[in-house]
């Protein structure tokens, strides 16, 4: 079969690009080296949709401002948790009040819905700070739920997924592209390179001289209570490639702090250290009331693709659009960036079509015994997740946010493993945690 477009990468950008193409009636194939969708850069996301991305003149900032409001309707359509929360850009001393006022004027000048927050009684129940700028428009989203529900909707719309298939070579021809993978060759009229951290390797194969560096961010998750807002320490010298981290309420009833931005050894460096955790606690702990009463439940790291230009790049070769260096706001800007990718494909010759609405993904059926007490997930939902394509333990659990609560999956993982193995028709020792050699039972 010759597809209209083959999309390399099933992260949030690859999925939203496939969504926009499917809305226009094109046949789409998505290929990814991971066994589950969104398991590259998108898997290790803080779950917050940003408003402020500096510098405001950059393409990535414009993408964030365009993409953020689109999520309200997208999440409603997918049936995914998404709620708006204010963000406090805070200082810890009153002598820094001029910084707050300067930040407020700067944000208002660039159209951000912001106001000085000097009293802020409501938020002082959660946080310790002297003064802040309160910015509206931020959102907290169930990022795993969004990826999997979008994946479900695309499969139901006829998009073909080739997961666990590594791209080995791509060749542009006069009438199309040939993508050779570890699972065989895919043919299409056009291609989209949304390979995240590895998009540079694909681009170099087609003549684009570019290097994508990994920027590692470490985050820590705490359980014990919830907060009503995001709090980010306000600084006079913001880093050009990170917002500096924050205290963030999550969709799972926990609190996330971070990320920072550190050097990574390579693109697969997801290591964390005691020092990383201690630095996060030192930076953010002083802003949280009763911080000592919180229980740390997870420390993890993610790598973002750092652009050599400091901004998102969309480049084209003969029949391929390349999305390179999506940096920090990739999740927020993904719906807007997908629209721009479609326009770039049209510039290469893809016929222009008006988008139509796709039917929402089918809901999961709740029945049988409750397996995950933290999230209220039933046996029927777990079995249905396997039937919808998940083949790993993490893939099934991520669909419903299992493992995100206070027990981190310790009370349900054995039962989930048993159900997954039954649905796959294999022994529990043949089920992996996240593919490869990640065996759970020896």
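The values are calculated or read from the model by the stated rules, or taken from the named source; none is laboratory data. Bear in mind that the values here come from a model prediction, so they are computed numbers and not experimental data. Cβ atoms come from the backbone with ideal geometry, glycine included; neighbour counts cover every protein chain shown.
Within segment 161-214, can you find the residues that are under 23 Å from the mean Cα position of the chain (by Cα) and closer than 16 Å to residue 318 by Cβ?
191, 192, 193, 202, 203
Of 92, 152, 126, which residue is surrounded by 19 or more Cβ atoms within 10 Å (Cβ to Cβ) and within 18 Å of residue 246 (Cβ to Cβ)? Full working, then the answer.
Working: 92 fails: surrounded by 19 or more Cβ atoms within 10 Å (Cβ to Cβ); 152 fails: within 18 Å of residue 246 (Cβ to Cβ).
126 is the lone residue from the list that is surrounded by 19 or more Cβ atoms within 10 Å (Cβ to Cβ) and within 18 Å of residue 246 (Cβ to Cβ).
Only one residue in 420, 377 is in contact (Cβ under 8 Å) with a residue 24 or more places away in the chain and in contact with a strand residue (DSSP E or B) (Cβ under 8 Å, 6 or more places away or on another chain). Which one?
377
Let's see how each residue does on (1) within 21 Å of residue 150 (Cα to Cα); (2) under 17 Å from the mean Cα position of the chain (by Cα); (3) in contact (Cβ under 8 Å) with a residue 60 or more places away in the chain:
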{"site": "57", "(1), (2), (3)": "no, no, no"}
{"site": "70", "(1), (2), (3)": "yes, yes, yes"}
{"site": "73", "(1), (2), (3)": "yes, no, no"}
{"site": "81", "(1), (2), (3)": "yes, yes, yes"}
{"site": "88", "(1), (2), (3)": "no, no, yes"}
{"site": "92", "(1), (2), (3)": "no, no, yes"}
{"site": "96", "(1), (2), (3)": "no, no, yes"}
{"site": "107", "(1), (2), (3)": "no, no, no"}
{"site": "114", "(1), (2), (3)": "no, no, no"}
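Identify, by number, the condition in (1) within 30 Å of residue 207 (Cβ to Cβ); (2) modelled with pLDDT of 95 or more that residue 310 doesn't meet.
(2)
In this structure, is residue 304 touching a residue at least 60 places away in the same chain (Cβ under 8 Å), in contact with a helix residue (DSSP H, G or I) (Cβ under 8 Å, 6 or more places away or on another chain) and within 30 Å of residue 114 (Cβ to Cβ)?
The answer is yes for residue 304.
Tell me, which helices (runs of 4 or more DSSP H) wholly within segment 346-442 include 1 or more residues that are more than 22 Å from residue 152 (Cα to Cα)?
Values: elements: 379-387, 393-400, 413-424.
Where helices (runs of 4 or more DSSP H) fall fully within segment 346-442 and carry at least 1 residues being more than 22 Å from residue 152 (Cα to Cα), they are 413-424.
Looking at 409, 395, 436 in this structure, which one is under 30 Å from residue 48 (Cβ atoms), modelled with pLDDT under 95 and exposed (fewer than 13 other Cβ atoms within 10 Å of the Cβ)?
436
Only one of (1) in a loop (DSSP other than H, G, I, E, B); (2) more than 17 Å from the chain's Cα centre (by Cα) fails for residue 270. Which number is that?
(2)
Of everything in segment 314-326, what is crowded, with 22+ Cβ neighbours inside 10 Å and closer than 15 Å to residue 210 by Cα? Give them in sequence order.
321, 322, 323, 324, 325, 326, listed by residue number.
Looking only at segment 329-340, count how many residues are surrounded by fewer than 24 Cβ atoms within 10 Å (Cβ to Cβ) and either at pLDDT below 95 or closer than 25 Å to residue 209 by Cβ (or both).
1
When the residues of segment 291-313 are narrowed to those that are over 22 Å from residue 52 (Cβ atoms) and in a strand (DSSP E or B), which ends up farthest from the chain's Cα centre (by Cα)?
Among those residues, the one meeting the criterion is 295.
In this structure, does residue 198 turn out to be in a helix (DSSP H, G or I) and within 21 Å of residue 334 (Cβ to Cβ)? Full working, then the answer.
Values: in a helix (DSSP H, G or I): yes; within 21 Å of residue 334 (Cβ to Cβ): yes.
So residue 198 fits the description; yes.
Hey, which of the strands (runs of 3 or more DSSP E) in segment 62-139, taking only ones fully inside, have at least 1 residues that are closer than 25 Å to residue 360 by Cβ and not assigned by TED's automatic domain parsing to the domain that holds residue 331?
Strands (runs of 3 or more DSSP E) meeting the threshold: 82-84.
May I ask you to say which residue of 31, 72 is surrounded by 21 or more Cβ atoms within 10 Å (Cβ to Cβ) and modelled with pLDDT of 95 or more?
Among 31, 72, only 31 is surrounded by 21 or more Cβ atoms within 10 Å (Cβ to Cβ) and modelled with pLDDT of 95 or more.
So if I check each of 245, 196, which one is surrounded by 17 or more Cβ atoms within 10 Å (Cβ to Cβ) and modelled with pLDDT under 95?
Working: 196 fails: modelled with pLDDT under 95.
Within the list 245, 196, the selection yields 245.
Mind listing whichever residues of segment 357-374 are more than 20 Å from residue 81 (Cα to Cα), touching a residue at least 12 places away in the same chain (Cβ under 8 Å) and more than 25 Å from the chain's Cα centre (by Cα)?
Across segment 357-374, the qualifying residues are 367, 368, 371.
Within segment 1-35, track down each residue that is outside any strand (DSSP E or B), over 14 Å from the mean Cα position of the chain (by Cα) and over 18 Å from residue 355 (Cβ atoms). It would help to see each step written out before you state the result.
Filtering segment 1-35 for residues outside any strand (DSSP E or B) gives 1, 9-27, 33-35.
If we keep only those that are over 14 Å from the mean Cα position of the chain (by Cα) too, we end up with 1, 17-27, 33-35.
Passing the criteria: 1, 33, 34, 35.
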